[in-house]
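Have a look at the structure below, then the notes.
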Amino acid sequence: MSDSLDSLNFDDDELNFAQFHLDESNEDIVIKDAPKTERDLSFFKNIPVTVTLEVASKELSLGELMKAGEGSVIELDKLNGEPLDVKVNGSLLGHAEVVIVNEKYGLRLIDIIDSALTTVG
């Protein structure tokens, strides 16, 4: 088996690129726009994503984190009552507030960031 692998190895001297004829024209390549057609995106409806509601965050050094113990309080970067960040697979989708639905937490979307939706299509 190693004999067949050895036959696949090439020395630099064996490779001769002069025999290939490449078009060296300096003309810019023009790609014509294809006519816009409606695409069937129903395939994407079944792809699972993770929706996360982020309350707030705080950047601190590892040394500061190591000082924290049971009962320590770390101040976060949002004020009480501010809308929370809704993230889909880690990317910001918009903002929401927490609601309770059938004894479970839920979220009510307040706004959706336009760029989050336009990058899909």
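What follows draws every value from the coordinates through simple rules; no lab data is involved. These figures come from a predicted structure and were not determined experimentally.
The table for this structure:
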| quantity | calculated |
| --- | --- |
| Computed lengthening from Val55 to Phe43, 0.36 nm per intervening residue step minus Cα-Cα distance | 1.1 nm |
| Rounded to whole Å, sorted largest first: equivalent-ellipsoid semi-axes of segment 35-118, Cα gyration tensor | 34, 17, 13 |
| Segment 35-118, relative contact order [Cα under 8 Å, separation at least 6], % | 24 |
| Leu93 long-range amide H proximity, modeled H, under 5 Å | Val86, Lys87, Val88 |
| Stretchable slack from Leu76 to Lys104, in nm (0.36 nm times residue separation minus alpha-carbon distance) | 7.7 nm |
| HN-Hα J in Hz across segment 86-100 - Karplus 6.51, -1.76, 1.60, θ = phi - 60°, x for Gly and Pro | 9, 10, 10, 6, x, 9, 5, 9, x, 10, 8, 10, 7, 10, 10 |
